[in-house]
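Asks: Sharing a structure with you now.
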Amino acid sequence: MKILAIETSCDDTGIAILEAKKSGKSHTFKTLANVVQSQDIHTNYGGVFPMMAKREHGKNIVPVFEKALKDAELFQVGKNMLDSKKKKEIQKILSRENDLGEVFLAHIENIKKPKIDKLAVTVGPGLEPALWVGISFAKALSIAWDMDLIPVNHMEGHKLSILIQKDGKIPDLQFPAMSLLVSGGHTEIVLMKEFGKYKIIGQTRDDACGEAFDKVARMLGLPYPGGPEISRLAEKSRSNSSVISNSKFVITLPRPMIYTKDFDFSFSGLKTAVLYLLRDLGKINDAQRQAIAYEFENATVEVLAHKTLKAIEKYKAKTLIIGGGVSANKHLQKTLKTNIKKISPETTVYFPTKNLSTDNALMIAIVGYFQSQKNSQKNPRRLIANGNLTLN
Ligand code: KG4
Ligand code: ZN
């Protein structure tokens, strides 16, 4: 089965084509295309503006679509004329997306329908204006090509992104599995009893962890997205520990909620602690900036790791899955791997490969594939964006 998936929940326009096969109880995956166009426009603003993201998705989605078909060797110029009823319906669906309707029709009528079996699209959670671009595009495509369209939860995508590993083998997940989902919009610990059965056991009470990275980075004068920037500075300190021990500039930030009995998080206090520190310091130099980044990363990772390990112990999880943009953080990866060996050596840990840790459509295609096995397709015309969609 070939499945084409579309992801536009935040500031990355993604289209992927996955070939999935089932033999007996096992599945094999082959990535035919995985195109992601990131929106650099947000770099200087320290965050993503929904309406700006929507406009950029509208501009990028057709070129990203064409590139995905070409990468998968499924692009062929040819005529695919649509009747007036279909055209009208497509135009109506895309009417909220500026001139996307005309661009889409001009494009789709000039390429041959490729051998793709199903379509999947992210319907939430995320920024609703951004989500709608992908959903409307997917609806239009499902009408033009007469194909099923499967709605996908973005967080389930992050969770299952670990199913595509570098060696091409699909991990044989043992249940119960615990997952830590850490992105720009979410921070949750989710118990997974089997595929598709999820229970959120802990989550942030205020800011998401990636959001805290981005906001602190902005305060430090670093560009968006802030996570990789803070991490780069923190690693510099870590690789040169004599700088830290000889430094007169020693700071300590709080580890919010680390010893509470639940599995919840809070990152806004940590962010505010950095704000007050910077207010007291006035103008900071590079060494101070680096020291703050280092301590902020340490504090964040300590809390994430502590709660995740506690959840693994309590639920006797055999697998730990990490997902979402922050899962690319080297210090988080190292801390979790080292501590799991000590506390629960029988638990296997999976991180997504680097290109699948941040937003992409391949993870949406994986979920779409599993959904299609359960025959859970909905009427594509009825799909709507849900910015607050949850996993429970
Ligand atoms: O999953 P994602 O691509 O988008 C959302 O669904 O939100 O996550 C983006 C978030 C951003 O906040 C970004 O700063 C953070 O992931 N991030 C990182 C790292 N790489 C990306 N945070 C910490 N360390 C990193 N290496
Ligand atoms: Zn995401």
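We did not get these values from a lab; they are worked out from the coordinates using the rules stated. Note that the coordinates shown come from a computational prediction; the quantities given were computed from them, not determined experimentally. Here the Cβ positions follow ideal geometry from the backbone for every residue, glycine too, while neighbour counts run over all protein chains shown.
Asks: Please list, or write none, the lysines whose alpha carbon is within less than 20 Å of the alpha carbon of Lys59, excluding same-chain residues fewer than 8 places away.
Replies: Counting by Cα, and skipping residues close in sequence, Lys59 has these lysines nearby: Lys67, Lys70, Lys92, Lys139.
Asks: log10 I(q)/I(0), Debye, Cα-only region 286-392, no solvent, q = 0.10, 0.18 Å⁻¹?
Replies: For the requested q values the scattering log ratios are -0.44, -1.05.
Asks: Ok, one more. Fewest first, what order do Met155, Met219, Met51, Met363 take by the number of other Cβ atoms within 10 Å?
Replies: Met51, Met219, Met155, Met363
Asks: Continuing with the same structure: Restricting attention to region 292-392, which GluC sites (Glu not before Pro) occupy a DSSP loop and are surrounded by at most 14 other Cβ atoms within 10 Å?
Replies: Here the sparse-neighbourhood loop sites are Glu346.
Asks: In Å³ and rounded to a whole number, note down the convex hull volume per residue for the Cα atoms of region 1-109.
Replies: 141 Å³
Asks: Something else about it: Would you mind listing how long region 339-384 runs along its three principal axes, going by Cα atoms, in whole Å with the largest first?
Replies: In descending order, the Cα extents are 51, 24, 17 Å.
Asks: Are any of the pairs Lys21/Lys354; Lys115/Lys374; Lys115/Lys199; Lys54/Lys307; Lys169/Lys341 more than 30 Å apart by Cα-Cα distance, and if so, which?
Replies: Those over the limit are Lys115/Lys199; Lys54/Lys307.
Asks: Here's something else I'd like to know. For Phe267, enumerate residues with amide H under 5 Å from its amide H, sequence gap 5+ or separate chain, H modeled in the peptide plane.
Replies: Arg205, Asp206, Asp207
Asks: From the P(r) of region 171-238, can you give the percent of Cα pairs sitting at distances over 20 Å?
Replies: Counting pairs separated by more than 20 Å, the tail of P(r) holds 46 percent.
Asks: Report the FRET efficiency, 1/(1 + (r/R0)^6), for Lys193 and Met1, where r is their Cβ-Cβ distance and R0 is 22 Å, rounded to 0.05.
Replies: With R0 = 22 Å, the Cβ-Cβ based efficiency is 0.25.
Asks: If I fit a long axis through the Cα atoms of helix 226-239 and take the longest principal axis of the Cα atoms of the chain, what angle between them do I get, 0 to 90°, rounded to 10?
Replies: With both axes taken from Cα atoms, the answer is about 40 degrees.
Asks: Related question: Over region 308-358, what number does the Rg to Rh ratio reach, with both radii from the alpha-carbon atoms and Rh per Kirkwood?
Replies: Across region 308-358, the Cα-based Rg/Rh ratio is 0.97.
Asks: Give the Debye-formula value of log10 I(q)/I(0) at each listed q (0.07, 0.09, 0.12 Å⁻¹), with one equal scatterer per alpha carbon of the chain, two decimals each.
Replies: -0.34, -0.55, -0.93
Asks: What would the Debye formula give as log10 I(q)/I(0) at q = 0.12, 0.16, 0.27 Å⁻¹ for the alpha-carbon point model of region 273-347, no solvent?
Replies: -0.45, -0.67, -1.26
Asks: Do me a favour and compute the ellipsoid semi-axes for region 58-165 from its Cα gyration tensor, root of five times each eigenvalue, largest one first, whole Å.
Replies: Three semi-axes, in Å: 23, 18, 12.
Asks: Quote the FRET efficiency, to the nearest 0.05, computed for Arg279 versus His306 with a Förster distance R0 of 25 Å and r equal to the Cβ-Cβ distance.
Replies: Working from the Cβ atoms, E equals 0.30.
Asks: For region 88-223, how big is the tail of P(r) above 25 Å, as a whole percent of Cα pairs?
Replies: Pairs farther apart than 25 Å: 48 percent.
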